[in-house]
Ligand SMILES: [Zn+2]
């Protein structure tokens, strides 16, 4: 047969890298050839020595925490950053995604604005909202996200234990995962109070008031809850290796648990807080150099399942850099646009880690953990989603040029080896290395595994 499009290059398949070709028809992968020149085509995209990865998935993005942000600017950053699918968190301003009406409204915004594919996390109200879990799963939520610490009493509440237990039992019935922001509210709130009263408001105080035990003690409780409810538990943004060690202990007892870390925990340590102040403030905080080494060790042994950005579009108005008061600054970093190049540069170029590993953490495992259909691998029948990286190109990160409202990053000025040469979603080039090539609304809603039509 003659394919609509053939993509040629160094293909990163599940277990091998081959110089080959992929035949695309109707947005799907129809053929994989382990040689070049064998497939017939109407159009050829020849990437030569460049890497053709399966489309990367960022499973942790906060588009609407900043109400000035939207799917157009977020997905522009995703496309330019080599992300073909992102999964958006539910803590939207003004209203979190706690019912199907809001879920449907948000779905319309993908169809109107997004340049790449997107799915949604859903959540519940602080109390009394668990009856929405099944309808939200039926509507197509990818997973549920809850928190053990309060960032905002309405939008991002701390869910009491009794409601967590109820939620876990109901999410278990849907077959989806329940993800947690796991930090210990009692420890952190009291430490921040002490520090603020003592006028200890310097940048590193952010880490000192969120010590490792504030993460591990919260995770420990959730692991025990998951033991009794048998739900699929997912711990988001793990910052400390001890968390992974606890997860491993519970895995041995049969607990179904997965985890993720985010690119800042791998590429920065707490010294970045001293150096960059609020620009390097995220929750949980950056840890010591030793802890970062521990995280890498767990990651490379695949005890951590995936890497995400935890992208949030905070600008100057939220980061309040000039105030010199670390507790007044919003927590979170931008990442959609720079995560993939930074990880490629660090892992593949500098550390000589196989690009196959990168594909697992950024595509295959996110798709598997969250049961995202037809994505995650270059495989016949899957969506023709690809991230093409030119390993020879070198560039410098300029925060002023970032495509979202988050025009701040501690990686400003960093030289990066490896550049996104093209981002392809369902067979169509959405970003060609310089420009966005599709209209807003090209992106489609990706529905979760429990979706029921109609
Ligand atoms: Zn987050």
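Brief remarks follow.
- With R₀ set to 22 Å, the beta-carbon distance separating residue 380 from residue 357 gives a calculated FRET efficiency near 0.45.
- Where a label projected 7 Å from the Cα of residue 204 along Cα→Cβ would reach, residues of the stretch 255-299 with amide N under 14 Å: 269-277, 286-290
- Using the average count of surrounding beta-carbon atoms within 10 Å as a protection proxy, the listed peptides 213-219, 11-17, 243-249 rank, highest first, as 213-219, 243-249, 11-17.
- Taking other Cβ atoms within 10 Å as a rough exposure proxy, 156, 327 sort from fewest to most as 327, 156.
- Label reach from residue 25 (point 7 Å along Cα→C-beta): in the stretch 354-386, amide nitrogens under 18 Å belong to 379-385.
- Each peptide among 415-421, 403-409, 337-343 gets the average number of other Cβ atoms lying within 10 Å of its residues, and from highest to lowest they stand as 337-343, 403-409, 415-421.
- All Cα-Cα separations within the stretch 56-369 were binned at 20 Å from zero, giving a P(r) of 34, 62, 4, each value a whole percent of the pairs.
- Angle between the chain longest axis and helix 241-252 axis [Cα atoms, degrees, rounded to 10]: 80 degrees
- Residue 68/residue 434 FRET efficiency (R0 25 Å; Cβ-Cβ; nearest 0.05): 0.50
- Label-point separation, residue 271 to residue 452 (7 Å along Cα→Cβ), nm: 5.6 nm
- Gap separating the Cα centres of the stretch 326-371 and the stretch 376-414, nearest whole Å: 10 Å
- Taking other C-beta atoms within 10 angstrom as a stand-in for reagent exposure, 126, 401 fall in the order 401, 126, fewest first.
- Listed by Cβ neighbour count within 10 Å, with the fewest neighbours leading, 258, 423 appear as 258, 423.
- With the helix formula -39500 (n - 2.57) applied to DSSP H stretches of n ≥ 4, the chain reaches a computed 222 nm mean residue ellipticity of -8500 deg cm²/dmol.
Quick note: the coordinates plus some simple rules give every number you see, no bench work behind them. Just so you know, these numbers come straight off a predicted model, no measurement behind them. Reconstructed Cβ throughout: ideal geometry from the backbone, glycine too, with neighbour counts over all protein chains shown.
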